[in-house]
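Participant: Take a look at this one; I'll ask things after.
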Amino acid sequence: MRVRRRHTARMADTPGTRKHEATALPDFCSVASVFTLAVVAELVVVIDALAPDARMTWRGFATATLFVVWLALLASLLLCRLRPLLVRWPPLRGWLLAWCALVLLVAITSAVVAWLDHAIGTELTPASAARFVIGNTVLAALLGAALLRYFYVLAEWRARLAAVARAQFEALQARIRPHFLYNSMNTVAALVRVDPDAAERSVENLSELFRAALGADDQPSTLGAELALVDRYLAIEQLRLGERLQVERDVDDLPSELEMPALLLQPLVENAVYHGIQPRRAGGVVRIAGRRTPRGVEIEIDNPLPEGDTVRRNGHGLENVRRRIAYHFGERGGLEASHEDGMFRVRVRLPDASFP
């Protein structure tokens, strides 16, 4: 029975399930969705006004703008309220029902507006109410299909982006090099008789490092937790490399509660040790410094380049971290790498969630 339950749990995350999530209806209550509907509706009015044979006056343009923007807001409200019901249907049927609701809303609203206009006599709509209603309904059907298709493609793209980020994180979890584990265990074995306390600390640090690296999910972490993980990693490497590895740390002023993706800084420090310190006979200094910025923090990791080497060979690791930062923070975060005067520097920009 255990095997069957485990198999069922795995089957819950099949490509078909991910495809179902990718085609789920978007959040019509979001500001982005409302803004998109309003902009597209206004663009229709502008295009109609700029048509070569258009005879729209400023009064007509203002009236049309008021009507379409109000209709877009009403459509957003309707789809927002219907979404909890629509998501219960299969994805394709949910999209179709959303389109039908949108078209039906435009038809009913246009009919009500035309009737009120003719009853009051304001002459804001065409003389033929049927033409006004049918024209708006057909236009809503075409634009509604195009907009829902846009939302569908956008949702699918975001799902693929999330899958890529997830795959990259899983690859990062398996990225701890086997020789690092072997060297660490050999160091522990050598310290068991000479310095049991140091051996015990090394085992604790190693267990915490692997706990973070082999975690089940890419759950958010904090800057304080990530810096503590970096300290544990450096403590293990210092036992192995001895005086060849020197560490300068200037991160005391950083906000430890700042939220960030898990296992983000440790791979960068690991690259600094593996590519910058280990190949050098004399070793070198790994410098970790950070400072506050108006919208978050910046963290710099410096290390010397190996003798006779001017190009770092860890581009895949840097690109992995760069993509994870881009996925979580967009343009607000970033990673920059440069080398000059025999030093290699990585600068990480992390935004504060309190800033938009």
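The values are calculated or read from the model by the stated rules, or taken from the named source; none is laboratory data. Quick caveat: nothing in here was measured; it's all calculated off a predicted structure. Cβ: placed from backbone, ideal geometry, glycine included. Neighbour counts: every protein chain shown.
Participant: Could you list, in sequence order, the residues of segment 88-102 that are touching a Gly at 6+ places or on another chain (Cβ under 6 Å) and surrounded by fewer than 19 Cβ atoms within 10 Å (Cβ to Cβ)?
Facilitator: The initial filter retains those residues of segment 88-102 that are touching a Gly at 6+ places or on another chain (Cβ under 6 Å), namely 99, 102.
The answer is Trp99, and nothing else.
Participant: Quick check on Thr36: is it within 25 Å of Tyr152 (Cα to Cα), surrounded by 15 or more Cβ atoms within 10 Å (Cβ to Cβ), in contact (Cβ under 8 Å) with a residue 24 or more places away in the chain and of a type in the set (S, T, N, Q)? Give the steps one after another, and end with the answer.
Facilitator: Numbers: within 25 Å of Tyr152 (Cα to Cα): yes; surrounded by 15 or more Cβ atoms within 10 Å (Cβ to Cβ): yes; in contact (Cβ under 8 Å) with a residue 24 or more places away in the chain: yes; of a type in the set (S, T, N, Q): yes.
Yes; evaluated as a whole, the condition is true for this residue.
Participant: Follow-up. Go through segment 266-296 and report how many residues are in contact with a strand residue (DSSP E or B) (Cβ under 7 Å, 6 or more places away or on another chain), of a type outside the set (Lys, Arg) and under 15 Å from Val247 (Cα atoms).
Facilitator: Filtering segment 266-296 for residues in contact with a strand residue (DSSP E or B) (Cβ under 7 Å, 6 or more places away or on another chain) gives 268-269, 272-273, 276-277, 280, 283-291, 295-296.
Next, only the ones that are of a type outside the set (Lys, Arg) stay: 268-269, 272-273, 276-277, 283-286, 288-290, 296.
Next, only the ones that are under 15 Å from Val247 (Cα atoms) stay: 268-269, 272-273, 276-277, 283-286, 288-290.
The number of residues fulfilling the criteria is 13.
Participant: Which members of segment 219-239 meet the condition of being modelled with pLDDT of 90 or more and under 21 Å from Gly284 (Cα atoms)?
Facilitator: Leu227, Val230, Asp231, Leu234
Participant: Further question: Anything in segment 115-134 that is of a type in the set (A, V, I, L, M, F, W, C) and in contact with a Ser or Thr (Cβ under 7 Å, 6 or more places away or on another chain)? List them, or say none.
Facilitator: Narrowing segment 115-134 to residues of a type in the set (A, V, I, L, M, F, W, C): 115-116, 119-120, 124, 127, 129-130, 132-134.
Residues satisfying the conditions are Leu124, Phe132, Val133.
Participant: Could you list, ordered by first residue, the pairs with Cβ atoms under 9 Å in which the first is in segment 108-136 and touching a residue at least 60 places away in the same chain (Cβ under 8 Å) and the second is hydroxyl-bearing (Ser, Thr, Tyr) and surrounded by 15 or more Cβ atoms within 10 Å (Cβ to Cβ), at least 6 apart or interchain?
Facilitator: The qualifying pairs are Leu124/Thr63.
Participant: Where in segment 240-356 are there strands (runs of 3 or more DSSP E), lying wholly inside it, with at least 2 residues that are at pLDDT below 90 and surrounded by fewer than 21 Cβ atoms within 10 Å (Cβ to Cβ)? Talk me through it step by step, then tell me what you get.
Facilitator: Details: elements: 245-250, 259-261, 284-293, 296-304, 334-340, 343-351.
Answer list for segment 240-356: 334-340.
Participant: Which is of a type in the set (Gly, Ala, Ser), surrounded by fewer than 17 Cβ atoms within 10 Å (Cβ to Cβ) and at pLDDT 85 or above, of Ala141, Ala162?
Facilitator: Values: Ala162 fails: at pLDDT 85 or above.
Just a single option satisfies the conditions, and that option is Ala141.
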